[in-house]
1. Cβ-Cβ distance below 6 Å, separation of 6 or more or different chains: which pairs start in the range 99-112 with a residue that is under 10 Å from Leu43 (Cβ atoms) and end on one that is among the β-branched types (Val, Ile, Thr) and part of a helix (DSSP H, G or I)?
2. On the basis of being within 17 Å of the chain's Cα centre (by Cα), in contact (Cβ under 8 Å) with a residue 24 or more places away in the chain and within 20 Å of Tyr126 (Cα to Cα), does Glu65 make the cut?
3. Between Glu22, Glu28, which is surrounded by fewer than 13 Cβ atoms within 10 Å (Cβ to Cβ) and in a helix (DSSP H, G or I)?
4. Give the residue that is surrounded by the fewest Cβ atoms within 10 Å (Cβ to Cβ), with candidates limited to residues of the range 115-136 that are of a type in the set (D, E, K, R) and either touching a residue at least 60 places away in the same chain (Cβ under 8 Å) or over 20 Å from Ile45 (Cβ atoms) (or both).
5. Give the residue that is farthest from Lys32 (Cα to Cα), with candidates limited to residues of the range 92-118 that are at pLDDT 95 or above and not in a helix (DSSP H, G or I).
Amino acid sequence: MSGPGLKHAESHAAIHEAALNEARELNEILAKLLEHNDLEKALEIAYVTVEHWETRTLRHAEAEEKGLYRELEEENPELRDSIIALKRDHDTLRYLVKRIKDTLDTDGITKTVLEQFYSLVHVDEYHNLEEERILPHH
């Protein structure tokens, strides 16, 4: 069973927006550190950003998959294709976070990592729009 916040479109949108705003801010900090060639601090912020994605967005995604998506599909079987697409978005986010972690662990901080963090934001923005489109509005 999903919590009431997940099922209500407006509060769900607020959860998404807060996490995305934090991710955008972390990306800005990381970009500035890379611009100033402060690689030690940039690496630290990159790991903080990975942790942000894991604890905020991916944990939220897991909760959606275990509760909200199942409930929505049971209530509206015609949403099945949309829910499959939303789960695929989650898989894409997980894939990017894993690639970033692997790169950080092997090569350290690179411009590619920053580009992947930007990609995470773009994928998540689109995902959130699609998800909010199918959520009930009360």
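1. none
2. On the way: within 17 Å of the chain's Cα centre (by Cα): yes; in contact (Cβ under 8 Å) with a residue 24 or more places away in the chain: yes; within 20 Å of Tyr126 (Cα to Cα): yes.
Criteria met by Glu65.
3. Answer to the selection: Glu28.
4. Only one residue fits best here, namely Arg133.
5. Ranking the candidates gives Gly108 first.
Residues are listed down the side, and each one gets a yes or a no for (1) buried (at least 20 other Cβ atoms within 10 Å of the Cβ); (2) out of contact with any Ser or Thr (no Cβ under 9 Å at 6 or more places or on another chain):
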site	(1), (2)
Glu54	no, yes
Glu71	no, no
Glu74	no, yes
Asp81	no, yes
Asp89	no, yes
Arg94	no, yes
Asp107	no, yes
Val113	yes, no
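The values are calculated or read from the model by the stated rules, or taken from the named source; none is laboratory data. Because the structure is a prediction, the values reported are computed rather than measured. Ideal geometry is used to build each Cβ from the backbone, glycine not excepted, and the neighbour counts take in all protein chains shown.
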